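Asker: Before we start, here is the structure in question, set down as structure tokens.
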Amino acid sequence: MRFRYLMPLASLALVAAASSGHALKRQARPVSAKPAQQAAEPSQNAPLTPPSQETTGPLTRPYSTRVVAYQIDARLDPKKKTIDATETLRYHNLTGQPLDTFPFHLYLNAFQPQSTFMTEVHQMGTRGTGSDSGWNPKHYGAMTVRSFTVEGMGDLTGQMQFVHPDDQNANDRTVFQVKLPQPVAPNDWVTFQIAFHDQLPQVMERTGYRRNFFMVAQWFPKVGVWWHGAWNCHQFHANTEFFADFGTYDVRITVPSNYVVGAVGDKVSTVQNLDGTKTLTYQAADVHDFAWTASPRFHDVEDSWTGSAGLVHIHLLMSPGNGSSTARYLHALKGALAYFDRSYGPYPYDTITVVDPPNGAIDAGGMEYPTLITAGTSWWMPKGIREPEVVVIHEFGHQYWYAMVATNEFEDAWLDEGINSYSEVKVMDALYGAGHSMFDLHGMTAGDSETQRLSYLSRPDTDPLTRFAWQYMNSQAYGAVTYGKTATVLLTLEGMIGQQTMKRALRTYFLRYRFTHPTGADFLNTINEVAGRNLDWYFDQAVSGTNILDYEVLSLRSSRVKWWESRGKGQPLYDNLVLVHRKGDFVFPIRVRIRFDDGKTVDAQWDGRDRWIRFSYVRPDRVVSAEIDPEHKVWLDRDVFNNSRTTDFQGLATGKLAVYCQFLEQWASQMLAWLS
Ligand SMILES: [Zn+2]
């Protein structure tokens, strides 16, 4: 999912920030892939062994351990905005122990005034809605289980019980569980037969209808995940996404004959019915969710792309009036397919569908499902505002960091959203140019890295990346930290270990953990392993901590060594003192570039462990400037305007400008924070 920036206002903020000349153009990124020379690190552990192996062989099906097999037969009533369906779920008990209790998600029940989801939205806001917004009955959504039977055990509808693993809200009905009369033995299959009825909400939180457009997501009873020795089946929260096991889906969808449909997986048949409807059958394997969309007004633009795993069919379902974005979507999508294929590994599915929501249904945009993503644009979108591009690139990235590397989005949101925000930056920069990839209008520019950093700066110290998604201070903090901070942490890491090592680490992580449910430790251990050194000192502060990184040049001073002697006695020697201060609680090794009046420079290293350091140089020249992080690799540094100082006269001028720019930068990030 992508936090939605209301583009007109966001553009304003960007324009204002860009026109300051500094705030967004903070860093001209070096193109060199050379790893930064490291100062002594706070904890120097022995280097780790390089990665033993990379699974690079060809993929053969099944790609995943298929725990679930869903067969669903669904009929849409476009007038009532309802779906009636039957579901057969075969579940393979691979837990190694007998199971007699099964929890299920009923996500659509979140769209009710007393649900945990809506309570949190009301209190703290969310992606699509500001906090404290009133209840609109059109946003009512519900999923009702009409019957629940288990093969060989009979009708257990009466055994269904709503449970609340995360809070005490008795009115939340997003998770139910059923206790079976007898357990399912290890390695056995159990078959559930469920009849259910959906009431779709008017589009909110990526789901629902708008006129005759339908985005049908999180719409069927979905079993929890047995993970780390227990059921993992969280309630639906304002800031949470999803978690599910891999398996197969065989879904029949009945809609009016004139509707155009897009869905996860491949369409295998179309049958015209006598009552003016048609039934489409979709199949997907090695995926962990199924969503679909339908509208009589979609224009299905077909295309294809060939990568290292073969041909990929592209369906772009365009809404009326948005035709001018078609080529932009396709360029971004193919660019992302190529970048990921080249950098991280193959895209193994044979299809990808992009849904362009119609005017008025933008809340359905910017969301990911396996092989199906939703985009977002408008008819007026200028070329220089790359909103259509960044949404497609972000959501496509989730095919890797969510659909294939299927982390627990409830508990480890940074592993999908954050890693994805980082790779979004890499693709945006590769396709549209670092420094102006996001915004390039009338000479004013902003890159995606700068945007991520601004987002991070709006809430720099509220929560660690590792916080469960629903436990963040509020939805702004969730957005700033999960997306912006993770991207900024990984950009800084890239500055430490080098672009190529970073790419190799992500590639190794992807190839090793695709089609599984890895954890944060799996990710960080992979980085340590590929980098060949232990970076836990960094992760402890940047990932598990809320430390603020901020260094400043406090003063420059130059005085004659023999200051008591009168001037004019030959070439004087100067004692040059540079005072550098660690303002934040984040300990990080830094480099300081010190320039003298003969034009020569010296790079000084500091491990940053003490609160300050004084560098001293005795030479015939006087110091004129000092700059922390001269190659602009430490994206986490909160305040870059105190990173450099020049001797008196210039220093004063820079100081005033810095205050002005800092004000604008803070104003712009505040603006983005309100909007996200
Ligand atoms: Zn996302």
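The values are calculated or read from the model by the stated rules, or taken from the named source; none is laboratory data. What you see is a predicted model; the values in this text were computed from it and never measured. Every residue, glycine among them, receives a Cβ derived from its backbone with ideal geometry; neighbour counts consider all protein chains shown. Areas reflect the complete protein model, heavy atoms only, side chains present, ligands, DNA and RNA absent. Shrake-Rupley method; radii C 1.70, N 1.55, O 1.52, S 1.80 Å.
Asker: Tell me which of these Thr482 doesn't satisfy, since it passes every other one: (1) within 16 Å of the ligand (Cβ to nearest atom); (2) touching a Lys or Arg at 6+ places or on another chain (Cβ under 8 Å); (3) in a helix (DSSP H, G or I).
Answerer: (2)
Asker: Which one of the conditions (1) in contact (Cβ under 8 Å) with a residue 60 or more places away in the chain; (2) open to solvent by 10 Å² or more (accessible area, probe 1.4 Å); (3) at negative phi does Glu395 fail to meet, given that it meets all the rest?
Answerer: Every listed condition holds for Glu395 apart from (2).
Asker: Can you go through Leu577, Leu554, Leu573 and tell me which one is under 22 Å from Thr646 (Cβ atoms), touching a His at 6+ places or on another chain (Cβ under 8 Å) and open to solvent by 30 Å² or more (accessible area, probe 1.4 Å)?
Answerer: Leu554
Asker: Still on this structure, I have one more. If you scan the range 541-582, which residues turn out to be under 25 Å from Arg593 (Cα atoms) and of a type in the set (Val, Ile, Thr)?
Answerer: Hits for the range 541-582 are Ile548, Val553, Val561, Val578, Val580.
Asker: One residue is enough: does the range 523-537 have a residue meeting the conditions part of a loop (DSSP other than H, G, I, E, B) and in contact with a Pro (Cβ under 7 Å, 6 or more places away or on another chain)?
Answerer: Within the range 523-537, one or more residues are part of a loop (DSSP other than H, G, I, E, B) and in contact with a Pro (Cβ under 7 Å, 6 or more places away or on another chain).
So that you can scan it fast, the table gives a plain yes or no per residue for (1) modelled with pLDDT under 95; (2) open to solvent by 60 Å² or more (accessible area, probe 1.4 Å); (3) on the phi < 0 side of the Ramachandran plot:
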position: His22; (1), (2), (3): yes, yes, yes
position: Arg26; (1), (2), (3): yes, no, yes
position: Glu41; (1), (2), (3): yes, no, yes
position: Pro50; (1), (2), (3): yes, yes, yes
position: Thr60; (1), (2), (3): yes, yes, yes
position: Asp73; (1), (2), (3): no, no, yes
position: Pro78; (1), (2), (3): no, no, yes
position: Glu87; (1), (2), (3): no, no, yes
position: Pro98; (1), (2), (3): no, yes, yes
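Asker: Give the range 133-175 a look and list any residue that's at pLDDT below 95 and either under 30 Å from the mean Cα position of the chain (by Cα) or in a loop (DSSP other than H, G, I, E, B) (or both), or say none.
Answerer: Hits for the range 133-175 are Ser133, Gly134, Trp135, Asn136, Lys138, His139, Gln168.
Asker: Moving on. Of the residues that make up the range 451-460, is at least one over 14 Å from the mean Cα position of the chain (by Cα), closer than 23 Å to Pro589 by Cβ and part of a helix (DSSP H, G or I)?
Answerer: Yes.
Asker: Being of a type outside the set (Val, Ile, Thr), open to solvent by less than 10 Å² (accessible area, probe 1.4 Å) and under 23 Å from Ala375 (Cβ atoms), is that true of even one residue in the range 457-473?
Answerer: No - not one qualifying residue is present in the range 457-473.
Asker: Restricting to the range 228-259, name every residue that is part of a strand (DSSP E or B), hydrophobic (A, V, I, L, M, F, W, C) and touching a residue at least 24 places away in the same chain (Cβ under 8 Å).
Answerer: Across the range 228-259, the qualifying residues are Trp231, Val251, Ile253, Val255.
Asker: Also, quick follow-up: If His139 satisfies all but one of (1) within 21 Å of His234 (Cα to Cα); (2) in contact with a strand residue (DSSP E or B) (Cβ under 6 Å, 6 or more places away or on another chain), what's the number of the condition it fails?
Answerer: Single failed check for His139: (1).
Asker: Is at least one residue of the range 263-273 open to solvent by 20 Å² or more (accessible area, probe 1.4 Å) and outside any strand (DSSP E or B)?
Answerer: For the range 263-273, residues open to solvent by 20 Å² or more (accessible area, probe 1.4 Å) and outside any strand (DSSP E or B): present.
Asker: Which of the residues spanning the range 244-262 are within 30 Å of Thr119 (Cα to Cα) and open to solvent by 10 Å² or more (accessible area, probe 1.4 Å)?
Answerer: Across the range 244-262, the qualifying residue is only Asp245.
Asker: Based on what the data block shows, is Ala309 closer than 30 Å to Phe117 by Cα and among the small types (Gly, Ala, Ser)?
Answerer: Against the criterion (closer than 30 Å to Phe117 by Cα and among the small types (Gly, Ala, Ser)), Ala309 does not qualify.
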